[in-house]
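One structure is given here, and the rest of the page talks about it.
The values are calculated or read from the model by the stated rules, or taken from the named source; none is laboratory data. As the structure is a computational prediction, the values presented were derived from the model and not from experiment. Virtual Cβ from ideal backbone geometry, glycine too; neighbours counted across all protein chains shown. Accessible surface is based on the protein model in full, side chains and every heavy atom, while ligands, DNA and RNA are left aside. Shrake-Rupley method; radii C 1.70, N 1.55, O 1.52, S 1.80 Å.
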Amino acid sequence: MQAHLVGVLALQGDVAEHAAALERAGARAAAVKTLADLERVDALVIPGGESTTVVRLLDRFGLAEPIVARVKAGMPLWGTCMGMIVAAREVAGMEQPTLGLIDITVRRNAFGRQNESAEVALAIPALGEQPFPAIFIRAPWIERVGPSVELLAERDGHGVMVRSGNVLGTSFHPELTGDPRVHAYFLSMIDKASAHVGKASSAA
Amino acid sequence: MEEKGTLTVKRGLAQMLKGGVIMDVVTPEQAAIAQEAGAVAVMALERIPAEIRAQGGVARMSSLELISGIMDAVTIPVMAKVRIGHFAEAQVLQSIGVDYIDESEVLTPADDLYHVDKHAFTTPFVCGARDLGEALRRITEGAAMIRSKGEAGSGNIVEAVRHIRAIKDAIATLTTAPKEELVARARDIGASYELVREIAETGRLPVVLFCAGGVSTPADAALMMQLGAEGIFVGSGIFKSKDPKRFARAIVDATTHYNDPKIVADACRSLGTADAMPGIDIRKLAESELLATRGN
């Protein structure tokens, strides 16, 4: 079977770092800037960047609705930092439009401005005993999780990694480390989604 | 275990800004316009480079009231400038919590020999460079992001093009250089051998490379991105234009879709008949009026 083609939303942010990390984890990666790019991919990563910028560009170039439609139809999506904010249901204390793909409330820059950005050894039980070298940059935290959402990691009592069905969110940046475990976890989500689609189509 | 101010998190914020536009602003209202238009960060300063150039005098770090007002007005990162070598100004900016410090030739240099030891700070620094040697000296001093200098406040893209080409060409040349030449090449450009060797292997700077100094139209932004800039600083080009909101949006769109001429054309068209800032022929500037030659 050919490796999954994973798109990285390339309107702005650390696109190249995610693409390289996906390839190291065994996937193929492609930048997604247009509708045609989006149609080709099996899954999508929304990378780190500035959420106000990217939300405006998604809207401006007509990508918001097609992404929502594909994720609702089962396409796996992973948002890191900015990407998790863009995917969230709501942003605490702000009137910021989002895609509403995962039932969480995030608070932007919750860990502080750049001077508070940090490297943290983070316990993520789903990835094994070894702590994950998590890099937080002007990072958001998750203030509320809906009933369908699984909280996968916390830092100082604040949610920083969540999953709900085919949507994954992290406050931190696994693409800036050499540790491939979160990327591998996302690829396993794509495996499951493809198996499901495969079953559905063979049943039909 | 938790560690702040590491090279990884300092360089990391610049990685998050890639593909974006950082805009000079002089009021909280301008900062809000920049954010609304899609800027990834703002540079808070008292006078934009075109005004510093016109008014003369000593240009220093901006008032803290102004910088704090801008920090309160937006949720995107806020950068501010210090004079070259003025580490006390940098200590002050770090203490009020700006997200990035620009050790900038646009301000009047405080030290004509030495730059700030940027490793001593938690707050990351961006520095200007005209060529690879200058870029690598700044990285050795601790800069977490480089911008090609261009000629600030000129509205003329020619110096920005010269500097980004100089940096990219020198990197390309190193990747094909025989290994035994690398020590001599490092010596020739006044850079550390370790960095030169790293670039010969990776073909890229170890930090993000933006461009600055002369971008005033959407097509300028597309040009610089195609020449290898990873993002754009726009100083005077937006708020010295006839229609800042439209120029801000158009330059953001052109930076995102720099490789799609149809979208760049749409961005140009969105300006209607609004004029870009007036420019200057750099050949007509006296040596003493050039900003890019400050710091080396």
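Could you tell me which numbered condition A:Asn109 fails, if it satisfies all but one of (1) touching a residue at least 12 places away in the same chain (Cβ under 8 Å); (2) more than 12 Å from chain B (Cβ to nearest Cβ)?
Going through the list (1) touching a residue at least 12 places away in the same chain (Cβ under 8 Å); (2) more than 12 Å from chain B (Cβ to nearest Cβ), A:Asn109 breaks only (2).
Condition check ((1) assigned to a strand (DSSP E or B); (2) open to solvent by 10 Å² or more (accessible area, probe 1.4 Å); (3) away from every other protein chain (no Cβ under 12 Å)) across all residues:
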site	(1), (2), (3)
A:Ile67	no, no, yes
A:Val86	no, no, yes
A:Leu99	no, yes, yes
A:Ala126	no, yes, yes
A:Ala134	yes, no, no
A:Arg138	no, yes, no
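Determine which member of the set A:Ala123, A:Ala139, A:Ala88 is more than 25 Å from B:Arg11 (Cβ to Cβ), hydrophobic (A, V, I, L, M, F, W, C) and free of Cβ contacts under 8 Å to residues at least 60 places away in the same chain. Show your work before the answer.
Numbers: A:Ala139 fails: more than 25 Å from B:Arg11 (Cβ to Cβ); A:Ala88 fails: free of Cβ contacts under 8 Å to residues at least 60 places away in the same chain.
None of the other options fit; the residue is A:Ala123.
Filter the stretch B:19-49 for residues that are more than 10 Å from chain A (Cβ to nearest Cβ) and assigned to a strand (DSSP E or B); which is farthest from B:Pro218 (Cα to Cα)?
B:Ala44
Looking only at residues that are open to solvent by 40 Å² or more (accessible area, probe 1.4 Å) and within 14 Å of chain A (Cβ to nearest Cβ) in the stretch B:99-127, which one is farthest from B:Thr293 (Cα to Cα)?
Taking the candidates together, the pick is B:Thr122.
Which pairs do you get when a residue that is away from chain A (no Cβ under 14 Å) and aromatic (Phe, Trp, Tyr), found in the stretch B:78-96, comes within reach of a residue that is assigned to a helix (DSSP H, G or I) and open to solvent by 40 Å² or more (accessible area, probe 1.4 Å), reach meaning Cβ atoms under 9 angstrom, with the pair 6+ apart or on two chains?
Taking only residues 6 or more apart or on different chains, the pairs are B:Phe87/B:Ala120.
Give all pairs with beta carbons closer than 8 Å in which a residue from the stretch A:29-58 that is more than 10 Å from chain B (Cβ to nearest Cβ) and open to solvent by less than 10 Å² (accessible area, probe 1.4 Å) meets a residue that is assigned to a helix (DSSP H, G or I) and of a type in the set (Lys, Arg); count only pairs at least 6 apart in sequence or on separate chains.
Final answer for the pair search is A:Leu38/A:Arg70; A:Leu44/A:Arg70.
Residues of the stretch B:171-203 being surrounded by 16 or more Cβ atoms within 10 Å (Cβ to Cβ) and outside any helix (DSSP H, G or I), which ones?
Within the stretch B:171-203, just B:Ala191 meets the criteria.
Scan A:Gly93, A:Gly62, A:Gly112, A:Gly157 and give me the residue that is at pLDDT below 95, out of contact with any strand residue (DSSP E or B) (no Cβ under 6 Å at 6 or more places or on another chain) and either surrounded by fewer than 23 Cβ atoms within 10 Å (Cβ to Cβ) or among the aliphatic types (A, V, I, L, M) (or both).
Details: A:Gly62 fails: at pLDDT below 95; A:Gly112 fails: at pLDDT below 95; A:Gly157 fails: at pLDDT below 95.
Result: A:Gly93 is the single residue among A:Gly93, A:Gly62, A:Gly112, A:Gly157 that is at pLDDT below 95, out of contact with any strand residue (DSSP E or B) (no Cβ under 6 Å at 6 or more places or on another chain) and either surrounded by fewer than 23 Cβ atoms within 10 Å (Cβ to Cβ) or among the aliphatic types (A, V, I, L, M) (or both).
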